[in-house]
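Undergrad: Can you keep this structure in mind? I'll have questions shortly.
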Amino acid sequence: TEPISEALCLFRMDIVRSKFTETIKRCFEGHGSTGGGHLGTNKPCTKNTFKISDDYCGETDSNQPIAGTVPIESQPILTFPSGTSHLNSITVA
């Protein structure tokens with residue numbers, strides 16, 4: 001069998017949003033870091049009492065940008081053998 005080089009995974013948006021909220025809450029509890037390397041210099045998250053919900057959208061200057069380290073996992077719904085596809089995005093309306 002050919003090695004799989006590309007896969008298409010499906011992620012429910014409520015799960016993605018929940019993971020974002022969880023990461024933001026952890027940072028505001030003082031766990032994790034900001035920056036993420038590609039977003040700037042990594043700095044430890046600062047504990048803060050600001051209330052975080054799924055609607056949080058960076059209303060404070062504290063802990064910006066937040067870097068998540070826990071991946072959202074899923075099983076592939078399609079796989080492509082090595083060298084057969086150059087898939088980079090799919091849009092669904």
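Undergrad: Using a 1.4 angstrom probe with every protein chain in place, what is the largest-first accessible-area order of PHE28, PHE50? Please report the intermediate quantities before stating the final value.
TA: Details: PHE28 5, PHE50 75 Å².
Per-residue accessible area, sorted high to low, gives PHE50, PHE28.
Undergrad: Based solely on its DSSP helices, what 222 nm [θ] is calculated for the chain when runs of n ≥ 4 H residues each add -39,500 (n - 2.57) and the sum is averaged over all residues, nearest 500 deg cm²/dmol? Could you put the intermediate results ahead of the total?
TA: Values: 1 runs with 16 residues, N = 93.
For the chain, the value works out to -5500 deg cm²/dmol.
Undergrad: Note the angle between two axes, namely the Cα long axis of helix 13-28 and the longest principal axis of the Cα atoms of the chain, as a number of degrees from 0 to 90, rounded to the nearest 10.
TA: Result, in degrees: 40.
Undergrad: Taking the dipole about the Cα centre of the chain, with the C-beta of Lys and Arg at +1 and of Asp and Glu at -1, give me whichever of THR23, CYS45, GLY83 is farthest to the positive side.
TA: Farthest towards the positive pole: CYS45.
Undergrad: Scan the chain and hand back the longest stretch that contains none of the trypsin sites (Lys or Arg not before Pro) lying in DSSP loops with at most 16 other Cβ atoms within 10 Å. Each step should come with its number before you reach the end.
TA: Working: sites that count: ARG12, LYS47, LYS51.
Longest stretch, sites excluded: 52-93.
Undergrad: Right, next: When all alpha-carbon pairs of the chain are counted, what percent fall beyond 22 Å?
TA: Numbers: 1948 of 4278 pairs.
For the chain, the share of Cα pairs beyond 22 Å comes to 46 percent.
Undergrad: Which of these, ILE66, ILE24, ILE52, has the largest mean-square fluctuation under a Gaussian network model of the chain (Cα springs below 10 Å)?
TA: ILE52
Undergrad: Where the only charges are on Cβ atoms (+1 Lys, Arg; -1 Asp, Glu), what is the dipole of the chain about its Cα centre, to the nearest 20 debye?
TA: Working: 8 positive and 10 negative charges, 57 e Å.
With Lys and Arg at +1 and Asp and Glu at -1, about 280 debye.
Undergrad: Additional query: For ALA7 and ILE77, compute 0.36 nm times the residue count separating them, minus their Cα-Cα distance, and round to one decimal in nm. Numbers along the way, then the final one.
TA: Working: separation 70, 0.36 × 70 = 25.20 nm, distance 0.75 nm.
Here the answer is 24.4 nm.
Undergrad: Also, I was wondering about something else. So which cysteines of the chain have no other cysteine's Cβ under 4.7 Å from theirs?
TA: CYS9, CYS57
The values are calculated or read from the model by the stated rules, or taken from the named source; none is laboratory data. Worth saying up front: this structure is predicted, and the values here are computed from it rather than measured. So basically every Cβ, Gly included, is an ideal-geometry build from the backbone, and we count neighbours across all protein chains shown. SASA here: full protein model, heavy atoms, side chains in, ligands and nucleic acids out. Shrake-Rupley method; radii C 1.70, N 1.55, O 1.52, S 1.80 Å.
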